[in-house]
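Enquirer: Before we start, here is the structure in question, set down as structure tokens.
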Amino acid sequence: MTNTPLPRDRDTSEQDQFLTILSREDALARFEAALFPLMVPGEKRPLADALGCALAEDVVAPIDVPPFDRSNVDGFAVRSADLAAAGEASPVRVMLNDEVIACGTAPTRPVFSGTATPIATGGPVPRGADAIVMVEHTQPSGPRAIEIRRAASPGQFVSYAGSDIARGEALLRAGTVIGSREIGMLAACGIAQVAVARRPRVAIISTGDELVQPGQPLRPAAIYDTNGAIVTAAISENGGEAQFLGAIPDDEVQLEAAMRGALATSDMLVLSGGTSKGAGDVSHRIIGRLGKPGIIAHGVALKPGKPLCLAVCDGKPVIILPGFPTSAMFTFHDMIVPVLRRMAGLPPRSDAKVNARVPVRIASELGRTEFVMVSLVEGADGLIAYPTGKGSGAITSFAQADGFLKIDALADQMPAGSEAEVTLFTPHVRVPDLVIVGSHCTGLDLVTAPLVHAGLVVRSIAVGSLGGLSAAKRGECDFAPIHLFDDKTGTYNTPYLSEGLELVPGWRRMQGIVFRKGDRRFEGLSAEDAVRAALADPACIMVNRNQGAGTRILIDRLLGGARPDGYWNQPRSHNAVAAAVAQQRADWGMTIAPVAHASDLGFIPFAEEHYDFALVKARKQRPAVQAFLDALASDEGRTALEQAGFRPA
Ligand code: AMP
Ligand code: MG
């Protein structure tokens, strides 16, 4: 294992910060070498509290199960030799012994030749008997005898002592995770307490002045602490006993006190944020004072997750995860979970994997192992893996993905059409019933809601109108939502359809100017006049949209070549425009009416846009497609769209 060489000509500021970047493999190997062997002390737990724990030692069966030869049926204990000649035409008559062996009753009388003893399922086989005859195959013959019309082989319907579990047999091996089946085996042997590996106590600290805990109001410029919750849950999922200590501001004194306190009472400490080597980032400096050997790796050739910091302080792992939640999650699962599970006495996690085709080219950075989250859909011949990433800051890319694929550090891309191995986040991925790939609109959720409530899995992947059309042409989705204006014909969407696609009218979205209510520059004006007023005021700042967006075409039409302040601020969504105006970073922009109203902004209608669906004809008969069409046409669907500010076509 060697350091992966990194291209030198790029990103010099980061090169200064992370001079020694280790490859993923090298970093993990050094981390484990510094940490193990590590004694995880075992503990005794009552069976009821042992669920999910790993056995610390082998368990040997202390008794035979069953503990005696036992009848498997309701019937009669007999000597099989007595019945050798029994048949339909030649019944054998045997006398009944004067006892009935119920469950839990020990027999007192032997079965002599020519006799039988009534016995219940689970009853101990009496001395002398070697087979059981089912009650259904017998007939009473006077008060004290029965007739039997079938022969019985020796051992028939008998479970012998120790046939299930034999005394002295290794029942369960160390490292086995105790589930309900294991608990059943232990209980059958009468074991009430087991030695399990103690769950490592893991303290979790989020760092950052900007963090607010969920449930608290969000102040300006603050964000909710996502990593705290996510890491705490992931630690519990992987055998740790998580203790979340909250978010600590970027203050060296406070943070050092919190880290020392945490390490004193736990086996492992996981922080997130503040891992860059910038001025405000103090955690890695503190680690140097917490114990030897200190930092093992700071900077790993991973994407997302480069700023990961791995340390060992006096035998305890101390980890600083990158601040971005997605980066924090990937590095946690890839680099920390193996170590945590080993400390918890658990076997390595076995991830479920599937093969899928990647429909689009995925660019990748040379020199870093790259993880790309993907959403799985069913194609004509096998699974298709769509990248869902919105960048390392996006938490939804995690939630909407089914799993991820890995691009080798030495590759600079994964070409379109490649076969890739996808590691699933959960073993049983359900391929969606309905796949919608294209432009996203909040109205979509209103139409698919009844499908989801009816138990269908609906997957919508936002790749923009043109991306959706390509997917539809390749037959990778059911519908592609599009809103594409054709200058030549002056119409929406229809001119963009090709062979095999059919247009399903969706709804209209009113595009218009947004401004803060009460802004006298815009109140009561038409869109054209409002833009004129904005251009006349040099202090007025606009917010634009990205090149290629339908909204951008409308803005450029209104501006007529003008480039006012704010023109180069080009966010990619309707909501970002509303947020910029609401938060006074801009004074006006263009967005759709429902978004403007949801943000309580003033709105001047300008042009209605057609949001329609390109339907892949070959998939039209699928039940989920029909259900979507029904929902779109239903009164409930239309009412919901209208209430949200859309106009159904
Ligand atoms: P940092 O490494 O502290 O500079 O953080 C990088 C980015 O991740 C910043 O945008 C932080 O606001 C964000 N971040 C850091 N910690 C958290 C957290 N616990 N939850 C959500 N975002 C975070
Ligand atoms: Mg920070």
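The values are calculated or read from the model by the stated rules, or taken from the named source; none is laboratory data. Being a predicted model, the structure only gives us computed values, none of them experimental. Please note: Cβ atoms are built from the backbone with ideal geometry, for glycine as well, and neighbour counts cover all protein chains shown. Side chains are part of the model used for accessible areas, which takes the heavy atoms of the whole protein and leaves out ligands, DNA and RNA. Shrake-Rupley method; radii C 1.70, N 1.55, O 1.52, S 1.80 Å.
Enquirer: If you plug each phi of the stretch 321-332 into the Karplus form 6.51 cos²θ - 1.76 cosθ + 1.60 with θ = phi - 60°, what whole-Hz ³J(HN,Hα) values come out, in order, with x for Gly and Pro?
Expert: 7, x, x, 5, x, 5, 5, 4, 5, 5, 5, 4
Enquirer: If the viscosity is 1.306 mPa s and the temperature 10 °C, what translational diffusion coefficient in µm²/s does Stokes-Einstein give for the stretch 30-104 when Rh comes from Kirkwood over Cα pairs?
Expert: The Stokes-Einstein estimate is 82 µm²/s.
Enquirer: Okay, moving on. Charges on Cβ only, +1 for Lys and Arg, -1 for Asp and Glu, centred on the Cα centroid of the stretch 70-159; of Ser113, Asn72, Ser159, which one is farthest towards the dipole's positive end?
Expert: About the Cα centre, the residue reaching furthest to the positive side is Ser113.
Enquirer: If I model a spin label at Gln547 and Glu642 as a point 7 Å from the Cα along the Cα→Cβ vector, what separation in nanometres do I get?
Expert: 4.2 nm
Enquirer: Please say if the stretch 269-314 is rounded, prolate or oblate, where rounded means a/c under 1.5 for a ≥ b ≥ c the square roots of the C-alpha gyration tensor eigenvalues, and otherwise the choice is prolate for a/b larger than b/c and oblate otherwise? Intermediate results must be reported in sequence, preceding the final value.
Expert: On the way: a/c = 2.09, a/b = 1.36, b/c = 1.54.
Here the stretch 269-314 falls in the oblate category.
Enquirer: Right, another one. For Lys306, Lys316, what's the largest-to-smallest order of accessible area, 1.4 Å probe?
Expert: Numbers: Lys306 20, Lys316 55 Å².
Ranked list, largest accessible area first: Lys316, Lys306.
Enquirer: Please report the accessible area of Thr448 (heavy atoms, 1.4 Å probe, ligands and nucleic acids excluded) in Å², nearest 10.
Expert: 10 Å²
Enquirer: Return the distance in nm (one decimal) between the two label points of a simple spin-label model at Thr20 and Arg150, each offset 7 Å from Cα along Cα→Cβ.
Expert: Placing both labels 7 Å beyond Cα along the Cβ direction yields 7.8 nm.
Enquirer: Report Rg (one decimal) and Dmax (nearest whole number) for the chain, counting Cα atoms only, units Å.
Expert: Answer for the chain, Rg first and Dmax second: 35.0, 116 Å.
Enquirer: With +1 on each Lys and Arg Cβ and -1 on each Asp and Glu Cβ, and nothing else charged, work out how big the dipole of the stretch 364-521 is about its Cα centre, in Debye to the nearest 20. Display every interim value, and only then the final one.
Expert: Values: 14 positive and 18 negative charges, 223 e Å.
With Lys and Arg at +1 and Asp and Glu at -1, about 1080 debye.
Enquirer: Can you give the local net charge around Asp98? Use residues other than it whose beta-carbon is closer than 13 angstrom to its beta-carbon, Lys and Arg +1, Asp and Glu -1.
Expert: Details: positive: Arg109, Arg144; negative: Glu99.
Summing Lys/Arg as +1 and Asp/Glu as -1 gives +1.
Enquirer: Let me ask you something else. If I model a spin label at Glu136 and Arg357 as a point 7 Å from the Cα along the Cα→Cβ vector, what separation in nanometres do I get?
Expert: 5.3 nm
Enquirer: So, one more: Among Ala580, Gly560, Gln216, which residue has its Cα furthest toward the positive end of the charge dipole of the chain, with +1 on Lys/Arg Cβ and -1 on Asp/Glu Cβ?
Expert: Gln216
Enquirer: Also: In terms of the Cα gyration tensor, with a ≥ b ≥ c the square roots of its eigenvalues, is the stretch 70-159 rounded because a/c is under 1.5, prolate because a/b exceeds b/c, or oblate?
Expert: On the way: a/c = 1.67, a/b = 1.41, b/c = 1.18.
Since a/c reaches 1.5 and a/b is larger than b/c, the shape of the stretch 70-159 is classed as prolate.
Enquirer: How much length, in nm to one decimal, is gained on full extension between Ala84 and Leu47, taken as 0.36 nm per residue of separation minus their Cα-Cα distance? Spell out each step's value before the answer.
Expert: On the way: separation 37, 0.36 × 37 = 13.32 nm, distance 4.82 nm.
The span from Ala84 to Leu47 would gain 8.5 nm if fully extended.
Enquirer: Any chance you could run the full-extension gain for Ala536 through Arg521? It's 0.36 nm times the residue separation minus the Cα-Cα distance, nm to one decimal. Numbers along the way, then the final one.
Expert: Details: separation 15, 0.36 × 15 = 5.40 nm, distance 1.00 nm.
Extra length available between Ala536 and Arg521 comes to 4.4 nm.
Enquirer: Rounded if a/c is under 1.5, else prolate if a/b is larger than b/c, else oblate: which is the stretch 244-288, with a ≥ b ≥ c the root eigenvalues of its Cα gyration tensor?
Expert: Details: a/c = 1.77, a/b = 1.69, b/c = 1.05.
Taking the square roots of the gyration eigenvalues as a ≥ b ≥ c, the stretch 244-288 is prolate.
Enquirer: For the stretch 194-245 and the stretch 592-612, write down the distance between their C-alpha centroids in whole Å.
Expert: If you average the Cα positions of each part, the centres end up 39 Å apart.
Enquirer: Next question, about the same structure. As a test of reading the structure, rank Lys277, Lys44, Lys617 by solvent-accessible area (1.4 Å probe, protein chains only), most first. Spell out each step's value before the answer.
Expert: Numbers: Lys277 75, Lys44 130, Lys617 105 Å².
Largest to smallest exposure gives the sequence Lys44, Lys617, Lys277.
Enquirer: Arrange the residues Asp251, Asp487 by how much accessible surface each exposes, largest first, with a 1.4 angstrom probe. Before the final figure, lay out each step's value.
Expert: Working: Asp251 60, Asp487 125 Å².
So, going from the largest accessible area down, we get Asp487, Asp251.
Enquirer: Which whole-number percent gives the relative contact order of the stretch 128-221, counting Cα pairs below 8 Å spaced six or more residues apart?
Expert: Result for the stretch 128-221 is 17 percent.
Enquirer: Once amide H atoms are placed 1.01 Å from N in the peptide plane, what residues at a sequence separation of 5 or more from Gly162, or on another chain, have their amide H within under 5 Å of its amide H?
Expert: Val65, Phe68
Enquirer: Before anything else, pin down the relative contact order of the chain: Cα pairs under 8 Å, at least 6 apart, normalised by residue count, whole percent.
Expert: Values: 1421 pairs, mean separation 66.8, N = 649.
Reported relative contact order: 10 percent.
Enquirer: State, as an integer percentage, the relative contact order of the stretch 70-159 based on alpha-carbon contacts under 8 Å between residues 6 or more apart.
Expert: Values: 239 pairs, mean separation 38.6, N = 90.
Once normalised by length, the contact order is 43 percent.
Enquirer: Moving on. What is the distance in Å between the Cα centres of the stretch 76-144 and the stretch 290-312?
Expert: Centre-to-centre distance over Cα atoms comes out at 74 Å.
Enquirer: What number, rounded to the nearest 500 deg cm²/dmol, is the helix-based mean residue ellipticity at 222 nm of the chain, given -39500 (n - 2.57) per DSSP H run of at least four residues and division by all its residues? If you can, show how the numbers build up before the last one.
Expert: On the way: 17 runs with 152 residues, N = 649.
Theoretical 222 nm ellipticity from helices: -6500 deg cm²/dmol.
Enquirer: Still on this structure: Residues of the stretch 607-640 with backbone nitrogen within less than 17 Å of a virtual label 7 Å along the Cα-to-Cβ line of Ala449, please, listed as ranges.
Expert: 628-640
Enquirer: How much of the DSSP beta bridge set in the chain is antiparallel, as a percent to the nearest 5?
Expert: Details: 82 of 114 bridges.
Within the chain, antiparallel bridges account for around 70 percent of the total.
Enquirer: Write down Rg/Rh for the stretch 89-211, rounded to two decimals, with Rg from the C-alpha atoms and Rh from the Kirkwood relation over Cα pairs.
Expert: Values: Rg = 25.7 Å, Rh = 19.2 Å.
Result: Rg/Rh = 1.34.
Enquirer: If the chain between Arg201 and Ala229 were fully stretched, how many nm would it gain, using 0.36 nm times the residue separation less the Cα-Cα distance? If you can, show how the numbers build up before the last one.
Expert: On the way: separation 28, 0.36 × 28 = 10.08 nm, distance 1.61 nm.
Roughly 8.5 nm would be gained on extension.
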